[in-house]
Each structure stands twice: as C-alpha cells, then as structure tokens.
Amino acid sequence: MKKISLILTVVIFAVFQTKAQDPTFSQTTAGNVHLNTALAGSTTKARFSTIYRNQWAELSGNYSTAMVNFYQYIPKTNGYGGIKFVSDVQANIFFQKSLSLFYSKNFKLKDLLIRPSLEVGYVNRHLDVSKLTFGDMINPQTGFSNQTGETLQADVNYADVNIGAVFYYKKMLVGLSAHHINQPVSSFTGSGFRLPVNYGTQLSYVFEFNKISISPFAYYNYQNGFEMFVPGVRFMYNDHFNVALSTRSGDALLFNLGYQHKWFLINYSYDVTISKLNNSMTGGSHELSVGLNFWNVKQNEKFMEVKSVF
C-alpha cells in the first residue's frame, strides 16, 4: 500500500502541478550538458555519450531517464556545437521527450576562460489519460464505471530556451545556468501554468599529485522553491580510473566508479536512498553511461584545455 501511495503521489505531483525539479543525473561527467551546455568540451575531440538512469528500481512506477548527446569543437569560431536528446518516463503514465541544439563560444583572457552558451529545444509531453482515475468516476454500487468530467490534454508541445556560462581559471571551474528562461506553458490542464526557471551553479577544483588527482566539486539547483545541493569529491588514478562520492540534499548517497581511456569512457553509479522512503523500499537508483571520443581537430590559438569533473 505504501508503494502504491508513493507512486500516486509522484505522478500527481509531477504531472499536474509541474513544479518539481527537472529530471537529473548523478554522474557529473556524462551528465554535464544536462546541467549546463557551457560545460561541453574540455579538449578538441568530438564526443558522443549516452546515459541511462533507473530511479527507484524496486517500484513499479519508477522513473527512467535517458540522454544521448554529441558535440564537436569548431576551430574557426573557437567554440562547441552540439545536439542533445532526453527522454523521461514517470510511472509509465507521463512521458517527456526533448530535442535541442546548443552552441558555446570560448573567450580567453590570459589565464581566464569565459564560455557562454545558448540552447534551444523542442519538448513534447505526453500523458496517458486512460491510466488515470478520478473521484467523479466512482459509482457507489458499481465502482469505477462513470465517465470523468475532467478535461486533460494528452499532449503538450513547446519551445524551450536555456542559457549557461563557464568561468575557468587555473584548474578552478565555476558554471552558471538558467533553464526554461522563456517559461513555456507546460500544463496538461490548459490553465496556462508556466514552467519555472531552473537556476543552477557548478563548482570544481582539481588537485594533482603525480598519478593521483583529487577533485572536490558541488552543484546546486533552485526551481520554484525546490532546491538540490550535491557536494562531493572525485579521486582519479593515472587519468584512467575514478571513484566519486557525493550526497544529494539529504536524499541519497551517490557512489560512482569509472574508467576512461583516450577514446573511450564508461561510468556506473548507484544512489543509496537515505530519506524517509528508505533504500529497501525504493531499491536505490542505477545509472550507466558510455562515452566515445572521436577525431581530434586542430585547435584555435585561443583554445584552453579544461580540467574538471564536469
């Protein structure tokens, strides 16, 4: 019964109120362009990456989120151009898909890199109304046999605009982002409710000791009264093996293991639920990502390599 109540709460809150935070990933490297498209690109290699998240695996109404993205360094403009696709499913009732294009440009001022970015996308939200029940459908004698008087749109489509910026100075990175700055109408009820702006910031610093690097990091998001704060630290050995530990706003402990080579990287992370939901009920959350680095292009004379966990 607790699981059913939890599923209903998640669906009602996310679908009708539309005020919860956007879907999120635990992995900072593979999920970097989801946090802020200005984080795309640390070298001149083209990168393709995919990431899949299965949240609350023990619940039949769990979340599943996937992202595929590709970006390429453009020497003539000393910037990055990319494309991103995200799919989010909640309880097999609410479905959201988005496709976007983004571009960021590097500006070098001695040892300081400034990289603003712009992302423009198209979003489709679909609600499987046939799986929903309402109070006016209940007949005291026959149960759920009446037609509901509720009117809901099955699909909502809108354009979405996001902006971001990165400031990088001697292994220290500060990122700023704002998603949904056009505040599109996203409600299934036709009430005209506008999607709140999601503000974010990202911080990291890399300490290097021979073959070992230690990188404390944190990111924070605020959206319409909801906050998410994730502080953590990543340990990397020989630029190949990495372990990251972090925590998310008293909700979960995040553990990440990864390996990267010149042209390939893979990461697995597991979120242990520490909230009142508890891990035995939710089963935690699993996340797997794979990335491929392709051709390397000649860098612009103003190009600056970025070392960061993002």
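The values are calculated or read from the model by the stated rules, or taken from the named source; none is laboratory data. A quick note: this is a predicted structure, and the numbers were derived from the prediction, not measured. Here the Cβ positions follow ideal geometry from the backbone for every residue, glycine too, while neighbour counts run over all protein chains shown.
Out of N221, N293, N279, N242, which single residue is in contact with a Phe, Trp or Tyr (Cβ under 8 Å, 6 or more places away or on another chain), buried (at least 16 other Cβ atoms within 10 Å of the Cβ) and over 25 Å from G200 (Cβ atoms)?
Details: N221 fails: over 25 Å from G200 (Cβ atoms); N279 fails: in contact with a Phe, Trp or Tyr (Cβ under 8 Å, 6 or more places away or on another chain); N242 fails: over 25 Å from G200 (Cβ atoms).
Unique residue meeting the criteria: N293.
Keeping to the range 269-295, report how many residues are more than 24 Å from A46 (Cβ to Cβ) and either in a strand (DSSP E or B) or at pLDDT 95 or above (or both). Spell out how you get there, then give the answer.
Initially, the range 269-295 is screened for residues more than 24 Å from A46 (Cβ to Cβ), giving 269-286.
Still in the running and either in a strand (DSSP E or B) or at pLDDT 95 or above (or both): 269-273, 285-286.
The total comes to 7.
Where the second residue is in a strand (DSSP E or B) and hydroxyl-bearing (S, T, Y) and the first is under 19 Å from V230 (Cα atoms) and lies in the range 193-207, which pairs have Cβ atoms under 6 Å and are six or more apart or on separate chains?
The qualifying pairs are Y199/Y222; G200/S177; T201/Y220; Q202/Y219; S204/S215; V206/S213; V206/S215.
State all residues of the range 43-85 that are aliphatic (A, V, I, L, M), touching a Leu at 6+ places or on another chain (Cβ under 8 Å) and either in a strand (DSSP E or B) or under 27 Å from Q260 (Cα atoms) (or both); if no residue qualifies, say none.
First, the residues of the range 43-85 that are aliphatic (A, V, I, L, M): 46, 51, 57, 59, 66-68, 74, 83.
Still in the running and touching a Leu at 6+ places or on another chain (Cβ under 8 Å): 51, 59, 83.
I51, I83, listed by residue number.
Which numbered condition trips up I214, out of (1) among the hydrophobic types (A, V, I, L, M, F, W, C); (2) free of Cβ contacts under 8 Å to residues at least 60 places away in the same chain; (3) under 30 Å from Q183 (Cβ atoms)?
(3)
When only residues in the range 154-180 that are exposed (fewer than 14 other Cβ atoms within 10 Å of the Cβ) and part of a loop (DSSP other than H, G, I, E, B) count, which is modelled with the highest pLDDT?
The qualifying residue modelled with the highest pLDDT is K170.
Only one of these is among the β-branched types (V, I, T) and within 16 Å of the chain's Cα centre (by Cα): V290, V306, V272, V297. Name it. Step through it out loud before you land on a result.
Values: V306 fails: within 16 Å of the chain's Cα centre (by Cα); V272 fails: within 16 Å of the chain's Cα centre (by Cα); V297 fails: within 16 Å of the chain's Cα centre (by Cα).
Among V290, V306, V272, V297, only V290 is among the β-branched types (V, I, T) and within 16 Å of the chain's Cα centre (by Cα).
Name the one entry in A244, A218 that is closer than 29 Å to V123 by Cα, part of a strand (DSSP E or B), at pLDDT 95 or above and among the aliphatic types (A, V, I, L, M).
Only one candidate qualifies: A218.
Out of (1) touching a residue at least 60 places away in the same chain (Cβ under 8 Å); (2) within 21 Å of L39 (Cα to Cα); (3) touching a strand residue (DSSP E or B) at 6+ places or on another chain (Cβ under 8 Å); (4) not in a strand (DSSP E or B), the odd one out for K298 is which?
Looking at each condition in turn, K298 falls short on (3).
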